[in-house]
Amino acid sequence: MREQDAETVADVLELLTLNQEALSACIDELALHLMKTGATELHANIKCALTTLDTNAQGISSAIGLLRGHGSR
């Protein structure tokens, strides 16, 4: 992959990661509200899904590092 193409892909992945983080924060706020209203099972399900998002975000961050030449191959 050309260096410029890799940089473009890394930029797009970084923007998607920022969007994912913003959505996660919003969903977390809703989950806290649900917990306070007694929907503890739903809150637990949402927290589990948010954990998956966090795990995937770590993988995306690693890929960004590789594309930018900051990670091991």
Test: residue in the range 33-48 that is assigned to a helix (DSSP H, G or I), under 17 Å from the mean Cα position of the chain (by Cα) and among the acidic types (Asp, Glu): no
Filtered residues of the range 1-55 (kept if in contact with a helix residue (DSSP H, G or I) (Cβ under 8 Å, 6 or more places away or on another chain) and surrounded by fewer than 11 Cβ atoms within 10 Å (Cβ to Cβ)): Met1
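None of the figures in this text is laboratory data; all of them are computed from the coordinates on show. Predicted model, so just to flag it, every value in this text is computed and none were measured. Virtual Cβ from ideal backbone geometry, glycine too; neighbours counted across all protein chains shown.
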